[in-house]
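Handing you this structure, nothing more for now.
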Amino acid sequence: MKDFNGKNAVITGAASGIGYALAEKLAKEGMNIVLADIEQEALETAVEKISEHGVETLGVKTNVMQKNEVEHLFKESIKAFDKVHFLCNNAGVASTVLAHGIWELDDKDWEWVLGVNFYGTLYGLQSFVPHMIKHNEEGHVLNTISLAGILPGEAIYGVSKHAALALSESLWQGLRNARSNIGASVLCPGFVNTNIIESNRNRPDHLTSKNKTNFILKKLASTVLKRGKEPDDIADVTLDAIKNHHFYILPHTSYDEMIKERYSRILARTEPQTADMQEILKGTLMGDKGEW
């Protein structure tokens, strides 16, 4: 997709972070924007700011864990703009509960993180892609994944992102087989200056975990994220990649060697790299990757 002006975009998790930065970037390209988010007050503020770029904007409060709410988002988007050309499944959460092994995690942890990170993406595809194919105009689907979807799995977040990446690769193949005018990309950043580590603020009460929060991990992650790339920089790289028909969008090139090592280990039929998140965070703070 190269021509964005006058077309319509839908972005979930759009009230802050990468989602908001993408909305602003696309608005500057002349796209009308539907912003979806679970936080009503932040959503209203985001809609007001994006509208200042002179494009039509709409805010729809949406919990992407609920398929009926994503379907409602689709209906409201079509009602407002008739056609959707750009879909960004960006909403995501991260859990910082304390557990010694993945087998110790509460079912409620699984339901929440997979519900947002995987099923939220799936519901977006199911609701919007048939329409995008049917209207037969140029379009694009962007799924926000993470380097956690490529590197060795780290608890529920890594599992959810690996699953979302596999889903996105299947989407790309399906769009190609259908000979559609819809492109697809996955955004896989490393550390970005967002509030994802505070995801629990939007966790449903009925999915409260029996496990305690790992406050050391949360503090380390918060510190690293604040020193990460800015969402605006991620949005710039992402739009350029989409215009150049890239599927895999990896803004943090400093992790390329880790990615190579992962696949070399697979081909060598050996064991995975270690993935102790606390050690990774400590190493990042002490090291100098140049770009986080």
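To make sure I understand, if each residue's beta carbon is the centre and we count other beta carbons within 10 Å, what order do Asp232, Asp37, Asp3 fall in, fewest to most?
By the 10 Å Cβ count, ascending, the order reads Asp3, Asp232, Asp37.
Averaging sequence separations of C-alpha pairs under 8 Å and six or more residues apart, then dividing by the length of the range 100-216, give the relative contact order as a whole percent.
35
Would you tally the net charge around Met1, using a Cβ to Cβ cut-off of less than 14 Å, leaving Met1 out, and scoring K and R as +1, D and E as -1?
My count for the surroundings of Met1 gives 0.
For the chain, what does the relative contact order come out to in percent, with C-alpha contacts under 8 Å and a separation of six or more?
Computed over the chain, the figure is 19 percent.
Next question, about the same structure. Taking a threshold of 27 Å on the Cα-Cα distance, which of the pairs Lys108/Lys219; Lys161/Lys219; Lys25/Lys161; Lys2/Lys49; Lys134/Lys260; Lys61/Lys161 fall above it?
The answer is Lys134/Lys260.
Determine, for Ile182, Ile266, Ile242, the number of other Cβ atoms within 10 Å of each Cβ, and report the residues in order from fewest to most.
In order of increasing Cβ crowding within 10 Å: Ile266, Ile242, Ile182.
Setting aside same-chain residues fewer than 8 positions from Lys83, which aspartates and glutamates have a Cα under 14 Å from its Cα?
Within reach: Glu56, Glu137, Glu138.
Where does each of 142-153, 108-119 land if you order them by average Cβ count within 10 Å, highest first?
Descending mean neighbour count gives 142-153, 108-119.
Further question on the same structure: For Ser160, Ser209, what ranking results if the residue with the fewest other Cβ atoms within 10 Å of its Cβ goes first?
In order of increasing Cβ crowding within 10 Å: Ser209, Ser160.
Could you tell me the center-to-center distance, by alpha carbons, between the range 24-57 and the range 115-185 in angstrom?
A separation of 22 Å, based on Cα centres.
All of the numbers you see were taken from the coordinates with simple rules; none came from a lab. Every value quoted in this text rests on a predicted model; they were computed, and no experiment measured them. Cβ atoms come from the backbone with ideal geometry, glycine included; neighbour counts cover every protein chain shown.
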